[in-house]
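Only the coordinates and a few stated rules stand behind these numbers; no lab work does. The shown structure was predicted, so the numbers you read here are calculated from the model rather than taken from an experiment. So basically every Cβ, Gly included, is an ideal-geometry build from the backbone, and we count neighbours across all protein chains shown.
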Amino acid sequence: MEDLSPEVLATVVAEKFGDSYGAVINAVMREDLARRVERAIREALLADRKAAAALCLARQALWVATEARPTSPEPLRAEARSRANEAAYLADAIQSLA
């Protein structure tokens with residue numbers, strides 16, 4: 001199944017809900033439900049993206065600290081530098097979706 005946009009998913013949910021209750025749910029109610037579901041989906045997606053970006057930034061801080069530690073051997077420092085850069089890149093990419 002292909003990915004559905006929040007708008008399409010919300011419309012499908014509202015239509016199926018409306019179909020389940022027949023004439024009790026009119027077109028205006030379906031549209032209102034679709035808007036509310038879409039907003040909830042978008043808010044949840046944004047919260048998940050923010051949490052994922054925060055996790056990446058926390059990992060970046062961990063690797064930056066590892067690289068800066070004077071007792072870290074040079075191969076580990078190089079690896080830490082690479083991983084910190086990757087974590088920063090991923091956080092930026094995730095935040096750009098928001």
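General remarks:
- In the range 11-26, of all residues being of a type outside the set (Ser, Thr, Tyr) and over 31 Å from the mean Cα position of the chain (by Cα), the one that is surrounded by the most Cβ atoms within 10 Å (Cβ to Cβ) corresponds to Ile25.
Every residue, every condition in (1) in contact with a helix residue (DSSP H, G or I) (Cβ under 7 Å, 6 or more places away or on another chain); (2) of a type outside the set (A, V, I, L, M); (3) closer than 30 Å to Ser96 by Cα; (4) surrounded by fewer than 13 Cβ atoms within 10 Å (Cβ to Cβ), yes or no:
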site	(1), (2), (3), (4)
Leu9	yes, no, yes, no
Arg30	yes, yes, no, no
Arg35	no, yes, yes, no
Arg49	yes, yes, yes, no
Leu55	no, no, yes, no
Arg59	yes, yes, yes, no
Thr71	no, yes, no, yes
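- Tally, over the range 3-26, of residues that are farther than 23 Å from Glu43 by Cβ and of a type outside the set (Ser, Thr, Tyr): 6
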